[in-house]
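Reading through the structure tokens given below for one structure.
Only the coordinates and a few stated rules stand behind these numbers; no lab work does. On a predicted model such as this, the values are computed, not experimentally measured, just so you know. So basically every Cβ, Gly included, is an ideal-geometry build from the backbone, and we count neighbours across all protein chains shown.
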Amino acid sequence: MEKPYDFRSIEKEMQEKWREAQVFLTEDSTDKPKFYGMDFFPYPSGAGLSVGHCRNYIPTDVVCRYKRMKGFNVLHPMGWDAFGLPAENEAIKKKSHPKKTVPEYIRTYKRQMNMIGIGYDWSREINSSSPEYYKWTQWIFQLLMKRGLAYRSMSPANWCPSCKTVLANEEVVDGLCWRCDTPIEKKDLPQWFFKITDYAERLIDDLDTIDWPNSIKLMQKNWIGRSDGAEVVFKSEQGDDIVIYTTRPDTLWGASFMVLAPEHPLVEKLASADKKEAIAEYRRQAERQSAIDRQNTEKEKTGIFIGACAINPVNGRRIPIWISDYVMMGYGTGAIMAVPAHDERDFEFALKFGIEMLPVIKRADGVSKSVVPENAAGDGFAEALADAKISFARKDGNYLVTLDAGTADKYIALAEKYLAEGAFAPVAGTVWGVVSAGAFYPWNSFEAGQAILGLLKTEARTVMEYYNGFGFLRDVLLHVEKNSIINSAPEVEKFGGSEAKDKTIDWLEEKGLGKRAKNFKLRDWLISRQRYWGCPIPVIHCPHCGAVPVPEEDLPVELPDVENYEPSGSGESPLANIDSWVNVKCPVCGADAKRETDTMGGFACSSWYFLRYVSPHRDDVPFDKDLAAYWLPVDLYVGGAEHAVMHLLYARFWTKVLYDAGLVPFKEPFHCLKNQGMVLSNTPHKALTLEDGSKTKELVSIFPEEAASLPPEEVTYKWVKMSKSKRNVVSPDAMAEEFGADSLRIYELFVAPFDDAIQWSNEGMIGASRFLNRVWRMIYGYMERYDKDFAKHTDGLSPEETALRRKLHKTIAKVDADIDGFKFNTAIAAIMELANDMQAFYAKLGSGSSPVFSECIYDLVLMLAPITPHAADCIWQDLGYEGFTINAAFPVFDPAIAKDDEKEIVIQILGKVKAKAMVPADADKAHMEEVALANERIQKELAGKTVVKVITVPGKLVNIVAK
RNA sequence: GGGCAAGUGGCGGAAUGGCAGACGCAGUGGACUUAAAAUCCACCGGUAGAGAUACCGUGAGGGUUCGACUCCCUCCUCGCCCACCA
């Protein structure tokens, strides 16, 4: 039977048949085990689907189809993350309205998803911007309110002046807006927050219970940022309690000063009268500073002394209180003790402002002893350096240290003395500086110390550049202070490292000076957006009753239709202008009241959508409890790594809240998470031109049109992520049109491992297409001879048939394991190998027939079915089978058939391959050894040598150790 | 500055302690064709050699092992994420 591989008509035909037969409709009640496979739902954009999206959806589709064939009841739904900034910004740009653009884009996305053959159950399609959906987003918002997890507070929020809204911390990347790269400002606005911080501990601990990529778990851990330490109460001289947080309570004795955040509430009270004006000015400056400046670690430290002192409770020492923007009000207690000997930032601050520094603390574990030898105090070391002229500067993150010649001589003399005594301590800082520069590796400290002395004595004696020179500089400067070493608490003295820290906290608690405390970098989740296109916050503000939830029977609070929805920038949402909508009666007391006019950020909508899929049409509950208990947690969740700390953290938080409320029986929503690799596009770049016209080394991406207009030498191509804003997106449409959806599917799976980034090129598509064509021709060429009863004709097979059948079953084993393990590239390679063997067999077969060849066709089609479903179903039906491959059973591997009779083993001498030999597959070690030693070639090699040892690995190799 | 992941032919990649380069792309030669495309066959890491073959070869250096792309240590490079969090 001749049938050209006309993928255009075949793919269309199959997609129609699937729709008519409703093959992807999911049943809820079944005896089969369940499998819930899900993709991150996309926000519909005008650019349509890219080949990058396909890299997400195709693998999930393969696994879901495969699971169906393995006997699972599979839920594989899709929906639209339609609310939010991206959709709204795009509509503004196009001078349209999101209510118009979003449905339009959804149609395109859906068409493309169907075009590439993704088997979604469209009867469960959801749209986060439809009232039927967001009614329940509002319902969950109120659940959070009831549970004390949603609150409104006035606070300086991240304000994007371009998007004209506030953003969550997670949405600020390098001080820039995640959507438009505009620098973020601080703005004081009343904002709704979710108390995600209450769940910080659980959000870290439960990571251990889920099967996620380690890198994502780590990112979440770092983002939540748990640290263990203590809160210690210092007293101001006036008697106020100033609580500081530290992770190093064991260094309390080295506290040299105190720093408060500029906004710290006690600053006003503590500051001396003459400093008030300067403090106010400093606060104004700090506020004006954009987040990007504040985050710049290279910048000089700033701060001022507030004219007051505090008393260190452990030693009664009086230390000055400063304010600086390197201490942040939002973390810990907004106050720190500064220990220059142990903290580089404190050290730098002390240097900048000439604050007296206390030296390091003696400890038993040797760590600090390496800095100061036991007998250093009072032996002249400090005195010798007391009148040193030392200058320093920070340069590219390093300290440039200059010693005057006299100081260098003294330093050398002392260091030599210590070295002679076998103590390398005084040069330790120097040693580590140079060691980390790689100059003296792999010497030990003592040897390195001597080498460095040698350097000091020669031309390098006056100016040395230290990498990581903190330790050295600290040692020198601290000893100039002529202070002897300060001890820790006597009870703690003999402990070192983390034990010292722990014991010190015990000691502090015992004395009532402080307590154990944990801190998190995670802040509460700011959910208000001063924008139109989002889920309205279901709250009414009453002058008497405060913020009152809209009664459940009045939900959803529908987003009103407005012509002009663009953000005003006033700090209020456009909804605030609709008087008829805003003015309502208080549901509690009936007084005149106003609706909340802010909307929720898009991440609220996506924090529970995986629950809605189980019962998308229920209008009485957000989700059916029993069905949620049946389907969830999600067995496979696939999407990009860019959501590591946003969506994935929020969804985990909401799930835990629902769990606590008794609504779901699980604590984690996504059992297994996979991140597909990025798709990179070769994108033109040019040198960044500064305002004054000079060009820098930094490259910025440009559009293809601009690249074409520039001289070629000014254009550099770089592989960067596909994004609409760079106009380097490749759409799947052209690929499907030229090569077919099935070829596109093969190519995207085959080109690289699932989680590797790929550099997109159309070149490889041809290989996928060729392979499919070859398989097609071979199967249709044989179709008239195809024997459905191949299983009954397995006796009296020729050696070629046995060999092909063996290959078939080995392939089944590999493909099965590889699909299950997300190794699609090697699964396809194995299928290609099988097809190549079949091709060779087929060529020899001529016009003959073979039941084994029929068996191979049957299993090959079913192995291809999840990967190339259109072609597979077409062949399936032409072979005379009813229905669709997705309802057939995946081929079953038979180990008895796959087993080899004979195996080729490798014979090595001293690990080098010298010969090969065939042995029975189950040959024992003795037999293999015998064969190896009898080998002609080996005999020759061994002539005149003694065999010391023979290593034999059954079925694999014999290695002869001979001298 | 910190963390994570990776580095293998001309290219994408395979092999996770046992024959390095599976599978595919590109390339070279040949068959078919009036010709081209498509298809089929052969070759396809480097050096030496007509050849069989020999030696070298998985970012660099060292180590463990009978045997290392694979495990350990140090360094280099690229990528991603985080970054004044006390």
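Give the lysines reachable from A:LYS594 as a straight Cα distance under 18 Å; neighbours fewer than 8 places away on the same chain don't count.
The qualifying lysines are A:LYS585.
Can you spot the aspartates and glutamates whose alpha carbon is less than 16 Å from A:LYS956's alpha carbon? Ignore those fewer than 8 places along the same chain.
A:ASP900, A:ASP901, A:GLU902, A:GLU904, A:ASP922, A:ASP924, A:GLU929, A:GLU930
With only alpha-carbon atoms in the gyration tensor, what are the semi-axes of the equivalent ellipsoid for region A:168-312, in Å, largest first? Walk me through the numbers on the way to the answer.
Numbers: eigenvalues 215, 112, 42 Å².
Taking √(5λ) for each Cα gyration eigenvalue gives 33, 24, 15 Å.
Label region A:845-888 by shape, choosing from rounded, prolate and oblate, from the square roots a ≥ b ≥ c of the eigenvalues of the Cα gyration tensor; if a/c is under 1.5 it is rounded, and otherwise prolate applies when a/b is larger than b/c, oblate when it is not.
Numbers: a/c = 2.36, a/b = 1.96, b/c = 1.20.
Prolate, since a/c reaches 1.5 and a/b exceeds b/c.
Would you count, across region A:703-823, every pair of lysines whose alpha carbons are under 22 angstrom apart, provided the pair is eight or more residues apart or spans two chains?
Working: A:LYS718/A:LYS726; A:LYS788/A:LYS807; A:LYS788/A:LYS810; A:LYS792/A:LYS807; A:LYS792/A:LYS810; A:LYS807/A:LYS823; A:LYS810/A:LYS823; A:LYS814/A:LYS823.
Close lysine pairs found across region A:703-823: 8.
Name the shape class, rounded, prolate or oblate, that the alpha-carbon gyration tensor gives for region A:93-177, where a ≥ b ≥ c are the square roots of its eigenvalues, rounded holds for a/c under 1.5, and otherwise prolate holds if a/b is larger than b/c and oblate otherwise. The partial results should precede the final answer.
Working: a/c = 2.33, a/b = 1.45, b/c = 1.61.
Verdict is oblate for region A:93-177.
To the nearest 0.05, how large is the calculated FRET efficiency for A:ASN315 and A:MET219 if R₀ is 41 Å and r is the Cβ-Cβ distance? Kindly include the intermediate steps, with their values, before the conclusion.
Values: r = 41 Å, r/R0 = 0.99.
Step by step, r from the Cβ atoms, then E = 0.50.
Summing Lys, Arg as +1 and Asp, Glu as -1, what charge do residues with Cβ under 11 Å from the Cβ of A:ASP524 carry, A:ASP524 excluded? Before the final figure, lay out the partial values.
Values: positive: A:LYS195, A:ARG523; negative: A:ASP198.
Local charge sum for A:ASP524: +1.
How high is the FRET efficiency from A:GLN877 to A:GLU714, r the C-beta distance, R0 51 Å, rounded to 0.05?
Working: r = 56 Å, r/R0 = 1.10.
E between A:GLN877 and A:GLU714, to the nearest 0.05, is 0.35.
Compute the length gained on full extension between A:LYS963 and A:ILE766: take 0.36 nm times their separation in residues and subtract their Cα-Cα distance, giving the result in nm to one decimal.
Numbers: separation 197, 0.36 × 197 = 70.92 nm, distance 5.31 nm.
Residue separation times 0.36 nm, minus the Cα-Cα distance, leaves 65.6 nm.
Once region A:761-847 is represented by equal point scatterers at the alpha-carbon sites, with solvent omitted, what log10 I(q)/I(0) does the Debye formula produce at q = 0.15, 0.20, 0.24 Å⁻¹?
For region A:761-847 at q = 0.15, 0.20, 0.24 Å⁻¹, log10 I(q)/I(0) is -0.69, -1.12, -1.33.
Using the C-alpha gyration tensor of region A:713-809, what are the square roots of 5 times its eigenvalues, in whole angstrom, with the largest one first?
On the way: eigenvalues 360, 49, 25 Å².
One finds semi-axes of 42, 16, 11 Å for region A:713-809.
Once every Cα of region A:607-650 carries one equal point scatterer and solvent is ignored, give the base-10 log of I(q)/I(0) from the Debye formula at q = 0.27 Å⁻¹, two decimals.
-0.97
Between the alpha-carbon centers of region A:226-281 and region A:753-823, tell me the distance in whole angstrom.
Cα centroid of region A:226-281 versus Cα centroid of region A:753-823: 71 Å apart.
Taking the Cα centre of region A:813-885 as origin, work out the dipole magnitude from +1 charges on Lys and Arg Cβ and -1 charges on Asp and Glu Cβ, in debye rounded to 20.
Numbers: 3 positive and 10 negative charges, 46 e Å.
I would put it at about 220 debye.
List the trypsin sites (Lys or Arg not before Pro) within region A:50-114 that fall in a DSSP loop (any state other than H, G, I, E or B) and whose Cβ has at most 13 other Cβ atoms within 10 Å.
Numbers: sites: A:ARG55, A:ARG65, A:LYS67, A:ARG68, A:LYS70, A:LYS93, A:LYS94, A:LYS95, A:LYS99, A:LYS100, A:ARG107, A:LYS110, A:ARG111; in loops: A:LYS70, A:LYS94, A:LYS95.
Those that pass, being in a loop and sparsely packed, are A:LYS94, A:LYS95.
What does a probe at A:VAL948 reach in region A:892-932, counting residues whose amide N is under 11 Å from the point 7 Å along Cα→Cβ?
A:910
Taking a point 7 angstrom from the Cα of A:LYS34 along the C-beta vector, which residues in region A:623-653 have backbone N less than 11 Å away?
A:624-635
How long are the semi-axes of the ellipsoid equivalent to region A:828-927, from square roots of 5 times the Cα gyration tensor eigenvalues, in whole Å, largest first? Before the final figure, lay out the partial values.
Working: eigenvalues 268, 50, 39 Å².
Semi-axes, largest first: 37, 16, 14 Å.
What is the spin-label model distance, in nm, from A:ALA734 to A:ASP181 if the labels are put 7 Å beyond Cα along the C-beta direction?
Result for the modelled spin labels: 2.3 nm.
When averaged across all projection directions, what area in nm² does the alpha-carbon convex hull of region A:494-634 cover?
Numbers: hull surface 65.6 nm².
Mean projected area for region A:494-634: 16.4 nm², to one decimal.
In the calculated pair distance distribution of region A:874-963, what percentage of Cα-Cα distances lie above 21 Å?
Working: 1931 of 4005 pairs.
Value for region A:874-963: 48 percent of Cα pairs lie more than 21 Å apart.
Report the net charge of residues surrounding A:GLN877, where surrounding means a beta-carbon distance below 11 angstrom and charges are Lys +1, Arg +1, Asp -1, Glu -1. It would help to have the intermediate numbers written out before the result.
Working: positive: A:LYS17; negative: A:GLU13, A:ASP873, A:ASP878, A:GLU882.
Result for the neighbourhood of A:GLN877: -3.
For region A:528-558 and region A:695-738, what is the separation of their Cα centres, given in Å?
Result: 44 Å between the Cα centres.
Counting Lys and Arg as +1 and Asp and Glu as -1, what is the net charge of the other residues whose Cβ lies under 12 Å from the Cβ of A:LYS963?
On the way: positive: A:LYS945, A:LYS949; negative: none.
With Lys, Arg at +1 and Asp, Glu at -1, the net is +2.
In nm, to one decimal, how far is the A:SER9 label point from the A:GLU27 one, both placed 7 Å along Cα→Cβ?
Going from the A:SER9 label point to the A:GLU27 one covers 3.6 nm.
From the Cα gyration tensor of region A:571-727, with a ≥ b ≥ c the square roots of its eigenvalues, which class applies: rounded if a/c is under 1.5, or else prolate if a/b is larger than b/c, or else oblate? Before the final figure, lay out the partial values.
Working: a/c = 3.57, a/b = 1.60, b/c = 2.24.
In terms of gyration-tensor shape, oblate.
Would you please give the FRET efficiency between A:SER96 and A:ALA817, computed as 1/(1 + (r/R0)^6) with r the Cβ-Cβ distance and R0 = 45 Å, to the nearest 0.05?
Numbers: r = 49 Å, r/R0 = 1.10.
The calculated FRET efficiency here is 0.35.
Three principal axis extents, largest first, for the C-alpha atoms of region A:796-861, in Å?
Between the extreme Cα coordinates on each principal axis of region A:796-861 lie 39, 21, 17 Å.
How many nm is it between the label spots at A:LYS916 and A:ASP795, if each spot is 7 Å from the Cα in line with the beta carbon?
3.6 nm
Please identify the GluC sites (Glu not before Pro) of region A:165-252 that satisfy two criteria: DSSP loop assignment and at most 16 other Cβ atoms within 10 Å. Which are they? Kindly include the intermediate steps, with their values, before the conclusion.
Numbers: sites: A:GLU170, A:GLU171, A:GLU185, A:GLU201, A:GLU231, A:GLU237; in loops: A:GLU237.
Passing sites in region A:165-252 are A:GLU237.
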